[in-house]
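Before any comments, here is the structure.
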Amino acid sequence: MGKKAKKDEKAGGTTASPGAGDAAAKAKMKSKEYEKEMRRLQGELVSLQDWVVTTGAKVCIVFEGLDSAGKGGTIRRITERTSPRVFKHIALPTPSEREKSQMYVQRYMAHFPSAGEVAIFDRSWYNRAGVEPVMGYCTPEQTEKFLAMTPLVEKAMVDNGIILLKYWLNVSVEEQTRRLANRITDPVKTWKLSPTDLKSYNRHYDYCRARDAMLAATDTAWAPWFVVDNDDKKRGRLNIISHLLSQIPYTAPAAVEIKMPRKPTPRGYVQPDETRNHIPTPF
């Protein structure tokens, strides 16, 4: 690593990932190119869906990262053209008092995939390694126990046939600042803001330190972490979907010819002259 790279890494408090410099140097992707490639990848996701249902495969995908890193948008593009009965988006709320009394991972286990399902976690059990210790919601001892236990839990998942993929989405301070400011001023995005998001903003580097400890403890041969530089959301989404497709040994189903059935005939049915409760038609 050169002197400048070392200096930048030290100043940023983050670990550079392979290709980060190349990605930063690329111009923003044009929307037309992005949508064309996304449509192709979404077609592959439909093929993956057919394979999962046919084979009874169990897939669990975990998305973690700083606030506004792009987790939700990536998941929306993954699930946009797939069935919600197969691709299940899981974003759990704050635990109830009952759930707080349970073994920590217990409430997440209820959402692990069954045969023929893809469970996508928008934040996960790794809250105990990130937001909770940074925001003071758990003790250092609880986080330490979690980091020691998690590789064993994930080994049990994999040994029971679950394909487990874990993604950490990186975002720079500058881009995080821009995205949060946009959420504050855009009325259709303010719902994305939570009190925790705003409180945690100036703890960016505390999150980076927590991330580094989490990766060191839970990046295993059976459940590795994959890091994504996601300042450019378009490229990030395409890269993530391409990668997850490459990690699952699916095969496209055989082409089936589908014919349009004959147009229905009234068979004596007559539409009534008046139907109540029609909605207004201003458009």
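The values are calculated or read from the model by the stated rules, or taken from the named source; none is laboratory data. From a predicted model like this one, the values you see are computed outputs, not experimental measurements. Here the Cβ positions follow ideal geometry from the backbone for every residue, glycine too, while neighbour counts run over all protein chains shown.
Does any residue of segment 253-272 turn out to be surrounded by 14 or more Cβ atoms within 10 Å (Cβ to Cβ) and either at pLDDT 95 or above or over 26 Å from F87 (Cα atoms) (or both)? Checked against the condition, which is being surrounded by 14 or more Cβ atoms within 10 Å (Cβ to Cβ) and either at pLDDT 95 or above or over 26 Å from F87 (Cα atoms) (or both), segment 253-272 yields no hits at all. Filtered by the rule that a residue be over 19 Å from M157 (Cα atoms), under 20 Å from the mean Cα position of the chain (by Cα) and loosely packed, with under 14 Cβ neighbours inside 10 Å, segment 93-131 gives P93, T94.
Here's the yes/no breakdown for (1) among the hydroxyl-bearing types (S, T, Y); (2) surrounded by fewer than 16 Cβ atoms within 10 Å (Cβ to Cβ); (3) touching a Gly at 6+ places or on another chain (Cβ under 6 Å):
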{"position": "V171", "(1), (2), (3)": "no, no, no"}
{"position": "N182", "(1), (2), (3)": "no, yes, no"}
{"position": "Y207", "(1), (2), (3)": "yes, no, no"}
{"position": "L215", "(1), (2), (3)": "no, no, no"}
{"position": "I248", "(1), (2), (3)": "no, yes, no"}
{"position": "T251", "(1), (2), (3)": "yes, yes, no"}
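Annotation: of all residues in segment 144-159 being free of Cβ contacts under 8 Å to residues at least 60 places away in the same chain and not charged (D, E, K, R), the one that is nearest to D206 (Cα to Cα) is F146.
Restricted to segment 70-138, the set of helices (runs of 4 or more DSSP H) holding at least 3 residues that are under 19 Å from L165 (Cβ atoms) comprises 71-79. Scan segment 232-239 and tell me whether some residue there is in contact with a strand residue (DSSP E or B) (Cβ under 8 Å, 6 or more places away or on another chain), touching a residue at least 12 places away in the same chain (Cβ under 8 Å) and surrounded by 10 or more Cβ atoms within 10 Å (Cβ to Cβ). Among the residues of segment 232-239, at least one is in contact with a strand residue (DSSP E or B) (Cβ under 8 Å, 6 or more places away or on another chain), touching a residue at least 12 places away in the same chain (Cβ under 8 Å) and surrounded by 10 or more Cβ atoms within 10 Å (Cβ to Cβ), which makes the answer yes. In segment 194-201, the count of residues that are β-branched (V, I, T) and more than 23 Å from F112 (Cα to Cα) is one or more. Here R39 fulfils each of the conditions (1) at pLDDT 95 or above; (2) within 30 Å of V158 (Cα to Cα) apart from (2).
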